[in-house]
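Working notes, beginning with the structure itself.
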Amino acid sequence: MRGSDLESGPLELEWNFDAVPGAELVACCYWEYARESAFIRDVRRQGLQNWRAGGKWDLALSTDIQKLQSIGYRAEVFLRGFFFEPDIIHQSTDANAPHYRHPDAPPITGSFPKPWQALCPEERAYRAGCCRKNSASEPTPFRLAHWGWAKDLAQHVESQARRMRAELPPDQGLGPIRPALCFSNAETLLVDIDWAQFTNDQIAQAFRRHLKAIRPPHLPEPDGRGHKPGDWRAQLTRLAVMRLLSRFTTLELVAKNAFPAIWQTKQFAGRKWGDITKWHDARRDARRLFHRLFPFLPATEKPLSWVRRRPGQ
């Protein structure tokens, strides 16, 4: 990507996010940062191989998918159609012909890891809907579990107790067993509440203290940052910085006469981008967000655009 290549269609989609509408910013962020993960790409590759081999069940793959699901409903932005074959053109006229899709089916394709802006408007709108909160689908921090989980929870805890008994000496008692069943980013937990002896405030305070001890280490508390549209757009700009720095030096980029296409965009219109240190700061911020969005990734994994590409790549 040299000179005027910055302005060419497919390559411009990698760094110019000016055209992303506000309603798509959150989804675009999750999608584009997911494209930077070798782990997420490998899960898709392995899943496609399994489907092509007849849908063989794979414990390791199932475990990896649960890691992706651990971030909650926003993972659906890229998980919908995650194992669909790429570049398939569907038809909705003949149910007996190949690649049939019901006319009312969601407009999703096996498009990951193509750029977000390469998706058709209908698919982008559908995937962006996975990030929107509404009265029907808004997640809640606490609610009564469905009664159907009771049997599964009992079986899960009983299997843990049997395994522990098999591994311990006969005269040694069982240690504590957490009466809980985890799925994705949620947990169904069995608790005792002494309604008769304590007020609601006392129960809430005790539960708050208990939460600090039982919160799963792989699901830290959300920090509350990046919730405004401007924040999400800024995160895309930081990603653009990282991708540009994977191809050019900062000296090349701040020379405005070298790549005028950059300075004609809104995202790089600010005067601060004439300062080399701001480019390096933004690149580091992009790497930090990469791990905040996907806390299940190994701490050592770097975004694919973190490393400078060799000439010709």
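The values are calculated or read from the model by the stated rules, or taken from the named source; none is laboratory data. The shown structure was predicted, so the numbers you read here are calculated from the model rather than taken from an experiment. We place every Cβ from the backbone using ideal geometry, glycine too, and count neighbours over all the protein chains shown.
A compact table of results
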read-out: Residue match in segment 183-200 (condition: in contact with a His (Cβ under 7 Å, 6 or more places away or on another chain) and either assigned to a loop (DSSP other than H, G, I, E, B) or within 15 Å of Leu153 (Cα to Cα) (or both)); value: no
read-out: Helices (runs of 4 or more DSSP H) (entirely within segment 232-313) containing at least 1 residues that are among the acidic types (Asp, Glu); value: 250-254, 276-293
read-out: Scan of segment 242-281 for residues that are more than 20 Å from the chain's Cα centre (by Cα) and aliphatic (A, V, I, L, M), ordered by number; value: Leu244, Leu245, Leu251, Leu253, Val254, Ala255, Ala258, Ala261, Ile262, Ala269, Ile276
read-out: In segment 240-263, residue nearest to Ser37 (Cα to Cα) [restricted to those that are surrounded by fewer than 16 Cβ atoms within 10 Å (Cβ to Cβ) and among the charged types (D, E, K, R)]; value: Glu252
read-out: Out of Arg288, Arg292, Arg215, sole residue that is within 25 Å of Tyr33 (Cβ to Cβ), surrounded by 12 or more Cβ atoms within 10 Å (Cβ to Cβ) and at pLDDT 90 or above; value: Arg292
read-out: Enumeration of residues in segment 57-77 that are assigned to a loop (DSSP other than H, G, I, E, B) and over 11 Å from Phe296 (Cβ atoms); value: Trp57, Asp58
read-out: Failed criterion for Ala95 (all others in (1) in a loop (DSSP other than H, G, I, E, B); (2) within 17 Å of Arg35 (Cα to Cα) hold); value: (2)
read-out: Sole residue being β-branched (Val, Ile, Thr) and within 25 Å of Trp15 (Cβ to Cβ), chosen from Ile40, Ile88; value: Ile40
